[in-house]
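Report on the following structure.
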Amino acid sequence: MDEAGLIQDAVRGDLTAFNRLVLAYQDMVFSHAYRILGDMHLAEDATQEAMISAYKNIHNFRGGSFKAWMLRIVTNAAYDEIRRQQRRPTTPLEPVDSDEEEIESPAWMMDPGERPEETTEREELGKAIQDCLDNLPDEFRVIAVLVDVQGLDYAEASSVVGIPLGTIKSRLARARLRLRDCLQGFWELLPEIFRLGDEGA
């Protein structure tokens, strides 16, 4: 994909070019929203809002990392959802099928190459990580997701959330410590990044 060319065309109003960018980034945007919000339906809403906002503001993109630009937009959309939920608390929704029955293992979580026990192990770890992320303060959770899940460096994360580099580092260190303590029972299954504690990236 010629990302730079697509961005230039999208800035000039080419809807097809923008749609190709959407297809390339929609999974990342949804994943980021879900990790912050911990709810599929809210993540879908935030993803939709982020894509609409990106389309309306693509002419404001001034170069640099398009990924970081998109993550800034979806992070803001997720914050908006958090504020709305705080004003109007609701019961968290679980994935359901067409008969409104809860789906324990949604299809999008399945890897056809996995053995059943591997799938169960991964799902348990994924749920544990998400539960622990959900228990972090919003400002810690966002930084942990940006750096440890999305793979941004400190400078990119700083540009996404608009806070100083030193604050990024301190919040990430504290978030990792809390995640490590929360996930103690899953220690052997944890990605290496969560074992770093306060050592930094």
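Please treat every number below as a calculation from the coordinates, not as lab data. The structure displayed is predicted, hence computed values, not measured ones.
Taking amide H atoms as placed 1.01 Å from N in the peptide plane, the amide H of SER65 has no partner under 5 Å among residues 5 or more positions away or on other chains.
Residue by residue, region 44-50 carries 3J(HN,Hα) couplings of 4, 4, 5, 5, 4, 4, 5 Hz when phi is fed to the Karplus relation 6.51 cos²θ - 1.76 cosθ + 1.60 (θ = phi - 60°); x denotes Gly or Pro.
Residues whose amide H lies under 5 Å from that of ASP153, counting only those 5 or more places away or on a different chain, are absent; hydrogens are built 1.01 Å from N in the peptide plane.
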